[in-house]
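> Okay, handing you the structure first.
The values are calculated or read from the model by the stated rules, or taken from the named source; none is laboratory data. Note that the structure is predicted; figures quoted are calculated from it, not measured. FYI the Cβ positions are ideal-geometry reconstructions off the backbone, even for glycines, and counts take in every protein chain you see. The accessibility values were calculated without ligands, DNA or RNA, using every heavy atom of the protein model including side chains. Shrake-Rupley method; radii C 1.70, N 1.55, O 1.52, S 1.80 Å.
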Amino acid sequence: MVESAGTSTVREQGNVTLQCPKLIETNYTSWSILVETVLRTHGLWKIVLGEDEDEKRNYTTKAIIYPTLPEDVLLQVAKYKDAQDVWDSIKIRYLGTERVQKARLQTLRGELERLKMKDDETINDFSGKISVIVEKFKSLGSSLDEELIVRKFLNSVLKKYLPIVASIEQYSYLERMPLEEAVGMIKAYEDKLKSHDEKEEQGQLLLTSSKSNEHEDKQWVRGRGRARGFGRGERGRGRGSSRGDKIGFRCYECGEYGNFSNECTKWKDKEKEANLIQEEEVALL
C-alpha cells in the first residue's frame, strides 16, 4: 500500500491500482463507498460484516482501512481487534447512533419530498441532487425503492419536459426502470429542445438581418429621390432662392454667376441710364 496526498493506494495483483480517499469531516459517504468497493475487490467485505473470522484477512482489512483515516480517528479505533468494530466505530462517529441515524433518514425523506427542479438547472444537475440523497440513504444503512425514486424524478422536472414524461409514464414500466434510464430519456429530450431553440434563434437572427437590410435599401432609395427633387426644386424656385443657393447659375442678361436673368438689376440700371440720356437730348432740343 502506497500513501499519497489525500489518498491511499492499494496495489493489487495484475498491476491494478485502487485508490481510497482520506476520510475527512465532509466525505464519509463517498469514503465508505470507495473503501467498501476496495474491500469487496479483495474479497474482504465479509470481514466487515462479521461473517468471516480469519485472522490474517481481518488484519489485511484493517491494513486497508487505517491509511485512509486521520490521526485522531486512527488512535480512537486502533484499540479494536476486529475490523468489524473498527468500521462500526467510524460509522457511529460520522453518522451517529441508531437514533441519530433514524432522525437523519427522516430529514433526508423530507429533503427528497421538497426537491424540485429549478429553472436554471439542467437534467444532469437535478438528477445529481437525487443521486446524492439516494447515496446518503445507503450510507445510513437504508435504501429507497427504485420506482419511488424514478417517479419523484419525473414528477419534479420542469413543465417543458411534460410531453416526454407523459410518454414515459404511458409506455414504460416504471417499476422496472432504473433512475439512470429515466434520466437518459429526459436528457435526450432536453438536447432536442436545445437544438430546436438554437435553430429558431438562428432563423430569428436571419429574419432580423433581412429586415434591417430591406430598411436600409428603402432609406437609400428615398435619399436618392429627395436628392433629385432637391435639384429640380432649386432650378424651379429661382426667385425665392438666395444668392448662395444660385451661385452655380449664370445670368443671361449680365453674363455673371449668382443670379437669374429675370431678377437681374443690371439691365434695369442700363435702361434707366438710357432713359436719362434720352431725356437730356430732348431737353437740349
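> Efficiency by 1/(1 + (r/R0)^6): what FRET value for residue 100 and residue 175, r their Cβ-Cβ distance, R0 = 30 Å, to the nearest 0.05?
Details: r = 33 Å, r/R0 = 1.08.
So, using R0 = 30 Å, E works out to roughly 0.40.
> Taking a 1.4 Å probe, which of 59, 66, 171 shows the most accessible area, and what order do the others take after it? Walk me through the intermediate numbers first.
On the way: 59 110, 66 55, 171 160 Å².
In descending accessible area the options line up as 171, 59, 66.
> Which of the pairs 79/102; 129/160; 102/160; 22/187 have their Cα atoms more than 26 Å apart in this structure?
Details: 79/102 28 Å; 129/160 20 Å; 102/160 37 Å; 22/187 34 Å.
The answer is 79/102; 102/160; 22/187.
> Which value, in Å², gives the accessible area per residue of the stretch 76-130 when a 1.4 Å probe is used on the protein heavy atoms?
On the way: 3480 Å² over 55 residues.
Value for the stretch 76-130: 63 Å² per residue.
> Computing the accessible area with a 1.4 Å probe over protein heavy atoms, can you report the carbon and sulfur percentage for the stretch 44-140? Can you show the working numbers first?
Working: 2800 of 5770 Å².
Of the solvent-accessible surface of the stretch 44-140, carbon and sulfur hold 49 percent.
> Students sometimes get this wrong: rank 71, 135 by accessible area, probe 1.4 Å, all chains present, largest first.
Sorted descending by solvent-accessible area, the residues read 71, 135.
> Zone of residue 81 (label point 7 Å along Cα→Cβ, backbone N under 12 Å): which residues in the stretch 46-66?
Residues 55 qualify, since their backbone N sits under 12 Å from the label point.
> If you don't mind, there's one more thing I want to ask. Please arrange 85, 72 by accessible surface area, largest first, computed with a 1.4 Å probe and ligands excluded.
Working: 85 65, 72 90 Å².
Listed by decreasing accessible area, they come as 72, 85.
> What does the accessible area of residue 131 come to, in Å² to the nearest 10, when a probe of 1.4 Å is used?
Counting only protein heavy atoms, the figure is 50 Å².
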